[in-house]
1. Which residues in segment 6-29 have a backbone N closer than 19 Å to a point placed 7 Å from the Cα of K47 along the Cα-to-Cβ line?
2. Where does the chain land at 222 nm, in deg cm²/dmol rounded to the nearest 500, when only DSSP H runs of n ≥ 4 count, each adding -39500 (n - 2.57), divided by all residues?
3. Label A39 and A27 with points 7 Å out from Cα along Cα→Cβ: what is the distance between them in nm?
4. Suppose the chain between K13 and M1 were pulled fully straight at 0.36 nm per residue; how much longer would it get relative to their current alpha carbon spacing?
5. So which lysines can K28 reach, going by Cα to Cα under 20 Å and dropping same-chain residues fewer than 8 places off?
6. Search the structure for amide H atoms under 5 Å from the amide H of L18, placed 1.01 Å from N in the peptide plane, and list their residues when 5 or more places away or on another chain.
7. Dipole size in debye (nearest 20) for the chain around its Cα centre, Lys and Arg Cβ +1, Asp and Glu Cβ -1?
8. So for the chain, considering every pair of alpha-carbon atoms, how many percent are separated by more than 15 Å?
Amino acid sequence: MRGRIEKIFGTWKRSYGLRRMRWRGLAKAAMQIRLTAIAYNMNRSLKIVAAG
């Protein structure tokens, strides 16, 4: 389980610029995480649909 989660966080850091938080404040940082998760899931779903 941990390996799957670490892979996702590594991708976020490497490809989506989450080495640092862009904005200050907990609410803004949470929004950045949500937007990154949406972008990751959209990209992943496109790859799954293209493969199937």
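1. Counting only backbone N, you get 6-19.
2. Helix-only estimate at 222 nm: -26500 deg cm²/dmol.
3. So the two model labels end up 2.3 nm from each other.
4. Extra length available between K13 and M1 comes to 2.4 nm.
5. In chain and number order, the partners are K13.
6. So L18 has HN proximity to K13.
7. Charge dipole of the chain: 220 debye, to the nearest 20.
8. Percent of Cα pairs beyond 15 Å in the chain: 54.
A short reminder: the numbers here are calculations on the coordinates, not readings from a lab. Keep in mind the model is a prediction, meaning the values are calculated, not measured. Using ideal geometry, Cβ is built from the backbone for each residue, glycine included, and neighbour counts are taken over all protein chains shown.
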